[in-house]
1. For segment A:182-201, which positions are closer than 13 Å to A:PHE222 by Cα and either aliphatic (A, V, I, L, M) or in contact with a Pro (Cβ under 9 Å, 6 or more places away or on another chain) (or both)?
2. Just a yes or no: is a residue in segment B:102-113 surrounded by fewer than 23 Cβ atoms within 10 Å (Cβ to Cβ), at the interface with chain C (Cβ under 8 Å from one of its Cβ atoms), out of contact with any helix residue (DSSP H, G or I) (no Cβ under 6 Å at 6 or more places or on another chain) and outside any helix (DSSP H, G or I)?
3. Step by step: first the residues of segment A:331-351, then only those that are part of a loop (DSSP other than H, G, I, E, B) and at pLDDT below 80, then the one that is farthest from the chain's Cα centre (by Cα). Which residue is that?
4. Of all residues in segment A:194-211, which are in a strand (DSSP E or B) and surrounded by fewer than 24 Cβ atoms within 10 Å (Cβ to Cβ)?
5. Before we move on, is C:PHE181 more than 11 Å from chain B (Cβ to nearest Cβ), surrounded by 15 or more Cβ atoms within 10 Å (Cβ to Cβ) and within 30 Å of C:LEU320 (Cβ to Cβ)?
6. When residues of segment C:177-199 are filtered for being part of a loop (DSSP other than H, G, I, E, B) and of a type in the set (A, V, I, L, M, F, W, C), how many remain?
7. Among the residues of segment B:115-127, is any part of a helix (DSSP H, G or I), crowded, with 17+ Cβ neighbours inside 10 Å and either within 7 Å of another protein chain (Cβ to nearest Cβ) or in contact with a strand residue (DSSP E or B) (Cβ under 8 Å, 6 or more places away or on another chain) (or both)?
8. Is it fair to say C:ARG233 is surrounded by fewer than 16 Cβ atoms within 10 Å (Cβ to Cβ) and either on the phi > 0 side of the Ramachandran plot or within 39 Å of the chain's Cα centre (by Cα) (or both)?
Amino acid sequence: MASVTLHDITKRYQDAEVLHRVSLDVADREFMILVGPSGCGKSTLLRMVAGLEDISEGEIRIGGGIVNHLPPRDREIAMVFQDYALYPHMTVAENMSFGLRLRGLPKAEIDERVAEAAGILQIRDLLRRTPRQISGGQRQRVAIGRAIVRKPKAFLFDEPLSNLDAKLREEMRVEIARLHQRLGTTIIYVTHDQVEAMTLGSRIAVINAGRIQQVGAPAEVFSRPANLFVAGFIGSPTMNFIAGVLDRAAFKSESMSMAIPGVPGDGAPLRVVLGIRPESVCVDQAPSPLLSEPLPAAIEVVELLGYKRNLYLKAGDDRLLATVDASFAGRPGDAVAMRFRLSEIHLFDKETRNRIG
Amino acid sequence: MAEPRLPVGPALASLRRRQLVKAGLTHAALIAACLVCVYPLLRMIAVSLRPGDRLISTDLALIPAGATLASYARVFAETNFLLWLWNSLVITAVTSLIGVSLAATAGYAFSRFRFPGDRLGLTLLLGTQMIPAGMLLLPLFLMIMRLGLINTYLGMVIAYSVSSLPFSIWILKGYYDTIPRSLEEAALVDGTTRFGAFYRIVLPLSTPALSIAFLFNFTQAWNEYLVARVVLCDAQKYTWTLGLFELQGQFITQWGMFAAGSFLVTVPVLLIFLHSSKWLISGLTLGGVKG
Amino acid sequence: MISALLQVLEFVALLALAVAALESYLYFHFTYYDRKWFLPASVAAVLVLTLAAAGLVLDAGRAVSWAAAAALVEAVTALVFSHLVRGRHSLPVMLLAPGFIGLALLIAYPLVFEVYLAFHDLKLTTIMVWSRTGRIPFVGFKHFFKVFTSSPLSSVSFWQLLGRTVWWTLSNVFCHVAGGFALALLLNNCRRLRGVYRTFLIIPWAMPQVVAVLALRGEFHSQYGFVNVMLERLVQALPFLAGWGVGPVEWLGRHALLTCTLINVWLGIPFMMVVILGGLQSISQHYYDAAAIDGASAWQQFCHITLPLIRPVLAPAVTLGTVWTFNNINVIYLVTGQAGGSEDADILVSALYKAAFTFYRYSYSAALAIVIFLMLFAFALVWLRFSKGSESAYG
């Protein structure tokens, strides 16, 4: 196991620069997740670590040594691909032992490692089958098994769960988490699904348009997003955003105004965006020092989600989503009073910084 | 207004009758076409079975009176039939192997890599199909003559080796394009070199296309006449096409032997072609016609 | 026999060796192109090696000049690698190199040589001199003029040949497509026994062309061929037909081109049939169902659904077929090619072949070949522009 360090990585295709001076440190045994929308460059970054893409500028180190010019085979990494990439003309056992056979390991050891991995992933009875004869979920396991037997310094996962149906995805997510606990390996995992990111990773790196937006533990990224993009990307349902002006300790938008204590007031009014998660919007609750002043709103649509309800509220020109308990009895057209949990208000300078949480 | 109703009773019966007539005509036409296609082959068999004293006659019977296999015996005994077949086999086999090997690697390069001149190269390859056959033959012949390779196996192999190369490259490239690149990437991560990924993963998966290319090269070279006629002049080195043509001489045509020899050569070629036809045709249309 | 086989094996071994040498040469360049010492080291190495090799075979002066030339080539190559290629395209070039060198030697070089030939005078009388010294007299455009003004063979002129070739191509392609279409439609409509019919119908394509053409030629023999025998019997059975002029025809003697056309049609229909059948089967039945509901008759369905949807499949096949037919030497030559055979059936390419190999007029043929090729090339350009234009008209 080893650490992986990316330093000032830049990637250019012809004239387009896809990654701009990305730096990231993945500690030994850490489960680092690269998450971001399609096309943000996360897969490219992963492939550069694997050695499947050239590095335009910057350095990649695995276990301390620079690997920029090393071909994939010399980097001691293993990768699980989105489409599993199992060799169709080989059996499962042959697929898993391919890398070991290439390195000339003795047959006994190869068999032992394959058996061990097959046991961990519960694919022991599939060893003699070919990829065509097994299901998608089983292929996924074989792909992971192929990576495990190599005992690499780092595992790379490229959106491995994207091709599975929802239920299977949940199962495999737990499997992968268990795997990480059991094997204690360094993992770099790419996904566009922020739920996977939040549940699996020990640290998340949010990437957009070729730049890292924020790196941190899931809880931190969730509760203290560094910028508007991260705030809008992480968390489901998406955060509500209201544009307005912050003047001293008061926020004023076209449809509402409230006092926000504890905000460092520079004096000059600042154009900001206020962000509040649906869970942090309280509807028709008793006043409390933890909540803001009441703001009038009307209910437009009500959705029942089992144990929670989604309330789509309209306050002036702004629309907000509030998530409340299922016992809330409100109907479209009702007028309600919204209160925001003060500690969960996020303020963003138009685009750049976060202020208080 | 009466709604349109499904035909029942007498209306249904006449509809059925029309369909039957239509089907009957279709089958009749097809059978006629098949006869036209097969007849020359049947006649060839008939002529080959004719007894010696009535080799040339206007008899149209498919199995002539007094049918005998004497012509077949004579083909083997009085001509170098087996030698011709052997010559053809050697030249064709070597040519096909060389052609497929070169095309396999070239096709891979075209499929997987972008390099200056790749589009142009592919278009040029297709363009070579347009060159009139005789156009290349003349300078090739002169070159071979200069090298002293006239009338040798080597000269023939050289002349044949490259003529089907463009087409083979096209077919193989098309097939390689259908193999996902992630397979090779997985192999790279597993520990192969770039060439190792090609050799261990892509190549084994391409056997259908390789077989098609080989079969195509083989049939082209096997059936070829014009180049052989120009390059080979020693009767010992004749391929079967030259040999058969010999039998149809200017003044005397050995009808019986010619028919027997023709039939003997045609049968295996026909069988192979018909056996692999579905597959060969899909391969050809995959690469060539869609081109 | 064994010695011939050994000779071929020897060639294969040599080829493999040459490929390996070439690959190693390229590999060294790709691995070390950016080292400072590479350029001088490689040039020096080539210089020394060539000097040694040449010195063994040639005299000192020539050896030195060969070595210098080789060193120069090596220097250029190394510079190309370090400045142009820059190691980026290593593997593809290595993979392609043997194939393309083969292609260059066996296609590009002959073409260049052909142009050279066309401007010089290589024929029966000069060929001996040429094979000894490699020199032939330069004659400029003389052969090109002769192509247009005199006959490649003995009497038929270039323009006659051109006209005949055009007629040959058009009539053949038309019959191929019409016949192929008809058969494909019939096959498409017939569900049972389709495979059996198909197998029989592709026999003309599957048979070796030499055998098929010679056999069919035999059938057109004026006395013993099937066609005339049947015609004879027909007239005997229905004498009034003789009044209409029906009777045995001297196919090969008087109507050679027609005979060749009939033979080529027989040969070529299966290919078209197969292609069109594939196209027909890829047209979804839903279109026909929708049209039937809309009230279209069978003929209307054919015009408005079948024809347009089969165009993408048909167009390349017809293009290829046209080029192949235009260039088809085999049929004409095999039917009329014996010395003493008639010239009336010759088309451009068969005249080309005969002029070169029966009359030994090599340079003249080269000029003729170039003229033919340029015509085809121009036609292809026009055709491409036309089909691109009409494609955009379709949107």
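1. Those that are closer than 13 Å to A:PHE222 by Cα and either aliphatic (A, V, I, L, M) or in contact with a Pro (Cβ under 9 Å, 6 or more places away or on another chain) (or both): A:VAL195, A:ALA197, A:MET198, A:THR199, A:GLY201.
2. No, that holds for no residue.
3. A:LYS350
4. Hits for segment A:194-211 are A:ARG203, A:ASN208, A:ARG211.
5. So C:PHE181 passes the test.
6. 2
7. no
8. no
The values are calculated or read from the model by the stated rules, or taken from the named source; none is laboratory data. Just so it is clear, the model here is predicted, and its values are computed rather than measured. No Cβ is skipped: glycine too gets one built from the backbone with ideal geometry, and neighbour counts run over all protein chains shown.
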